[in-house]
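Below: one structure, written as structure tokens.
The values are calculated or read from the model by the stated rules, or taken from the named source; none is laboratory data. As the structure is a computational prediction, the values presented were derived from the model and not from experiment. All Cβ positions, glycine included, derive from the backbone under ideal geometry; neighbour counts span all protein chains shown. What goes into the accessible areas is simple: the full protein's heavy atoms, side chains included, and nothing from ligands, DNA or RNA. Shrake-Rupley method; radii C 1.70, N 1.55, O 1.52, S 1.80 Å.
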Amino acid sequence: TDPNKDVRMISFWQCMTRLLAKTPPRDEHGELAPQTLHLEPLALTTWIAAHDNIEAELGKGGELQEIKSTAAKSGEQILRMAGVMAVVEGAGTITQSLVERAVLLERWYLAEILRLTNPPTIAPKLLSAQSLLEWLLANKWQTFEARELQQKGPRFVRKSASLRDALLAVLVEHY
């Protein structure tokens, strides 16, 4: 959809315009004096639980072990995001709802880091089948006997009849 007609985007832009139009609060020395945001008790309890869950996943064998240096900062990031949401939404305190939403965002962020840093591995059998397909196409082998492939095919296929049959089965299944 057109972002200029999306009511959510229009609302966001209006909110940002209001925030940017405000004069930042300053102290008696002219220094910035931002509003102090306090955590509601339930928000603190929710944050502690989320922090502890993430910390548990950082250990050996944990889901987040591979991105430990980034994930270890998640507790702080959750509070920062909740604080930004509180300011944007005009809340005077950080509520449980804001912390829960920040936890969702942080979990998505961690999942994306894992996805991008740990691409799925391709099974060796699939790679071999792909190599066989490329060989068959390059040599214009459209029809053939399995025995002929065993005798005249690429070296890796000639190793054993069971390997040949397994690779042909993969090709039949996927192509």
Exercise for review: Taking Glu57 as the residue in question, decide whether it is closer than 29 Å to Glu112 by Cα, open to solvent by 100 Å² or more (accessible area, probe 1.4 Å) and among the acidic types (Asp, Glu).
Suggested key: no
Review point. Within the set of pairs 6+ apart or on separate chains, which have a first residue in the range 1-14 that is at pLDDT 95 or above, a second that is surrounded by 10 or more Cβ atoms within 10 Å (Cβ to Cβ) and in a helix (DSSP H, G or I), and C-beta atoms under 7 Å apart?
Key: none
Study note, to complete from the structure: Counted residues in the range 23-44 being within 35 Å of the chain's Cα centre (by Cα) and either among the charged types (D, E, K, R) or part of a helix (DSSP H, G or I) (or both) come to 5
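Here's the yes/no breakdown for (1) small (Gly, Ala, Ser); (2) at pLDDT 95 or above; (3) out of contact with any Gly (no Cβ under 7 Å at 6 or more places or on another chain):
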| site | (1), (2), (3) |
| --- | --- |
| Thr46 | no, yes, yes |
| Ala50 | yes, yes, yes |
| Asn53 | no, yes, yes |
| Gly61 | yes, no, yes |
| Lys73 | no, yes, yes |
| Glu76 | no, yes, yes |
| Leu79 | no, yes, yes |
| Ala82 | yes, yes, yes |
